[in-house]
Each structure stands twice: as C-alpha cells, then as structure tokens.
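Everything on this sheet refers to the single structure shown next.
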Amino acid sequence: MDKKFLPYCQPLIEKEEIKEVVDTLKSGWLTIGPKTTEFESLIAEYVGAKHAISVNSCTAALHLSLIALGIKSGDEVITTPFTFASTGNVIVHIGAKPVFVDIKKDTYNLDPEKIKEAITPKTKAIIPIHYAGQPYDVKAIMEIAKDHNLFVIEDAAHAIGAEYNGKKIGTFGTTTCFSFYATKNMTTGEGGAVTTNDDKLADKLRILRLHGMSKDAWKRYSDKGSWYYEIEECGWKYNMTDMQAALGVHQIKKLDKFIEIRRKYASIYNKELKKIEGIIIPYEKPNVKHVYHLYPILLKNYNRNKFIEEMKEMNIGCSVHFIPLHLHPFYKRTFRFKKGDFPNAEWVYEREVSLPLYPKMKEEELKYIIKCIRKLLL
Ligand SMILES: *Cc1c(COP(=O)(O)O)cnc(C)c1O
C-alpha cells in the first residue's frame, strides 16, 4: 500500500450535507430554527421516542438530564470508570458524587451485580454507557433502578441505532443522551440530543437548553419571534444550530447504511483476528445489535503502547478507549481514587487498542490493517 495515513476514525460527509449547509448559510437562519426542528423529529422517529431535544453536545445532554431530574449536591450517581470524561464530569458539575462501579470483562459494560453493592440511601441515578456501541445489560440495570427508585440516564454516545432484544436504544432509560461529535457514528460536527417519552421532562429540557426561556411565551406573543420572552428557569446556552442540523438531517438518513458497513468490517476483523492467538476480539452478546462505534481488541501478551507506535510507523492510526476516569489526576485528587480500585477497567485499559473502523474506509485498507497486525503478532 501507499504512504497514505489511515486515521483511526473519519467522518463521511457527502454532497447532500454540503448542499444543505450552503442552503442554511444562504437562508439567513443560522442558529436554532427549522432545520433543528426537522432534525429533532427525525431523531425521535428513528429511535422510537416521543421526544428528541437537540443540544450542542452529549455532555450537555447528560448535564441537563441530571439537572432536569433534580439531582443535586450531596446526591450520589453511579457510573462506570471506563468512559470518556463527560460522563463523570457532569456529575461533579452538579455537585453530586460520582460513584464508580467496575465493568464486566466480556462486554466492558457496567456489572449489574456490583451496581447493587454500590447503592446507598443517597443514590439517585445510574449513568450506564453502551461501550463501543454494544448495549449494556438493559434488563438487569432497569430492574435495579426500579427496585431502588433510581433514574437511568443513558450515555448513548456510541450507540445510536444499537438494539437490545430487537428494540432501539433511546427509550429504555429516563433519558437517553446521544453524541454527534465528529468521531461518532453520525455527526453534526459538534452536537447531541436527549430522547425521552416523558412529556413534562421534555418540556423542562427544552426550556433549560436555551437560557430557561419559556416556550409558551414564544407561542403566546409571537408570530415566529416577537421581542417578548420570559425566563422561567435559570437555564443554559446549550442549543444546537441549523448549521449543525443541516448535517444531521442527512447523516441520520444514512445511519443504517453506515452501521451496515461498520458491522460488515467488524465481521471481517473478527474472522481474521480470531485466528491470532494473542488477540481477544470484541464479544458480541446474542440479544443485541452492536453498532461498532469502536472496534476494541485486547492484546494478551504484546505491549500495547509499542503496538500502537509500530502501527503508526506503518501509517495506521489507532486509539485507546478509555483511560479509566479514576486514574486521572482530577479524580484521584478529588475523590481519593487509586490504581487498583477498579481492576477490570484497568485490566482492559492496559491491553486495549481501538482499530480503525468507519464507513469511509475501504475494504482493501481494512485488509492492509489486518496484514500489518499479523506482521507484528505472528
Ligand atoms: C464522545 C463521548 C461523550 C461526549 O460526547 P460530546 O458530544 O463530545 O459531548 C460522552 N460519553 C462517551 C462515552 C463518549 O464517547
């Protein structure tokens, strides 16, 4: 192969998206407006939820979910340490305490048995993630939440289109939070959405994402916007813009195709990499549809950092998901976490490599990656 560098991830933006953004720019309506509304309907319809509220990131979606559900200082929120910073940071932002629970060594998702042990009278919510695009144990976690009267805020940053028992992610939790960041399975550059079936909660989220400005005031006094508004809550500036939604309205229509390619590539990786003794390929549970936002392999007895460097020398970009949150300086310093606290998350982290996987990648590029891995490990 040539010397072209293959990044671990790349968005696929085509002429439809470009045309739509230009249309937005020419329309004179740049920020939250008709395209944002259209995008929200498409998201709600796609995941099968009553409401989709667009925001400027999944982080904002998680933050607003905690606020709208009244979780506050002194409360405890259970989550996984094996995630991106957002999931833990939003808990800290509202003054609550992040309570980490270790993951399972097969799916790298939260271990329901360990969640039960971590519940205290202060526990208010669980934030599970669908690691790599594979749904967590929805049935077990929903049962625990019901038994202990807890909210479930799903971090579905990896999982739009993923299914559990034949049903799409998006309505299992009290809220489900999606990310449309540039690296995710579909993108608006930056962006996110919260989905829910709860009408009151949806209204609250809608108001909170734009300064706490009352929607009713707009309806009552305006024909699409008069000077009048009322601040009902002390909200945030977390709205999506029409420039972003212009990408989203086309990306969502292509999502099933994107997922199909991801699953096909994952199956090629699986087939070839399981022949290599030193690799643990991702485990896919039988009752889920895994959307392979990531393709994480574990190296049994080869230095992970060395592997990534050697792949880079062969023009292949790899990544690591994730450095467990409890090992980061802020979390260590603030909550006195230390190495050894969550052994399964650490065990996976030390061995994990995320290989390139995205619809823009060509099958021959995938074959080249496999060839390079064989060269290193065989
Ligand atoms: C990417 C990611 C987020 C954050 O998404 P943004 O839209 O960038 O805020 C949150 N959680 C997980 C697990 C992620 O991978």
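Rounded to the nearest 500, the helix-only mean residue ellipticity at 222 nm of the chain stands at -12500 deg cm²/dmol, with each DSSP H run of n ≥ 4 adding -39,500 (n - 2.57). For the chain, a Gaussian network of Cα nodes joined below 10 Å ranks ALA140, ALA266, ALA246 by mean-square fluctuation, and the top entry is ALA140. In plain terms, the chain from TRP347 to ARG374 could stretch by 7.4 nm, reckoned as 0.36 nm per residue minus the Cα-Cα distance.
Taking amide hydrogens as placed 1.01 Å from N in the peptide plane, the amide H of PHE151 sits under 5 Å from those of ALA125, ILE126, each at least 5 positions away in sequence or on another chain. Potential lengthening of the chain between LYS105 and ASN197 amounts to 29.9 nm, from the contour at 0.36 nm per residue minus the alpha-carbon distance. Counting only alpha carbon atoms, the long axis of helix 58-68 and the longest principal axis of the chain meet at about 50°. Pairwise Cα distances in the chain exceed 27 Å for 50 percent of all pairs. Extending 7 Å from Cα along the Cβ direction at ASN149 and again at THR334 yields two label points whose distance is 2.8 nm.
At full extension, GLU38 and VAL320 could sit 98.0 nm farther apart than now, given 0.36 nm per residue minus the alpha carbon distance. Among ARG304, ARG336, ARG206, the largest mean-square fluctuation in a Gaussian network model of the chain, built with springs joining Cα atoms closer than 10 Å, belongs to ARG336. Computed from the C-beta positions of THR31 and LYS253 and an R0 of 25 Å, the FRET efficiency is 0.65 to the nearest 0.05.
Under the convention that each Lys and Arg Cβ holds +1 and each Asp and Glu Cβ holds -1, the size of the dipole of segment 15-252 around its Cα centre is about 220 debye. When the C-alpha to C-alpha distance is required to be over 26 Å, the pairs from LYS19/LYS50; LYS139/LYS360; LYS146/LYS289; LYS105/LYS139; LYS312/LYS362 that qualify are LYS19/LYS50; LYS139/LYS360. Could you tell me how many degrees, from 0 to 90 and to the nearest 10, lie between the Cα long axis of helix 242-273 and the main elongation axis, the longest principal axis, of the Cα atoms of the chain? Helix 242-273 sits at roughly 20 degrees to that axis. Under the simplified labelling scheme, the VAL92-ALA118 pair shows an inter-label distance of 1.6 nm, with each label point 7 Å from Cα along Cα→Cβ.
Annotation: the antiparallel percentage among DSSP beta bridges lying fully within the chain is about 60.
In degrees between 0 and 90, to the nearest 10, how far off the longest principal axis of the chain does helix 304-313 point, with axes built from Cα atoms? With rounding to tens, the tilt is 90 degrees. When the Cα positions of TYR368, TYR358, VAL320 are compared along the charge dipole of segment 256-377, VAL320 comes out farthest toward the positive end, with charges on each C-beta of Lys, Arg, Asp and Glu.
Just so you know, all these numbers are worked out from the coordinates, no wet-lab data involved. Small disclaimer: the values here were computed from a predicted structure and weren't measured. Every residue, glycine as well, gets a Cβ built from its backbone with ideal geometry; the counts of neighbours run over all protein chains shown.
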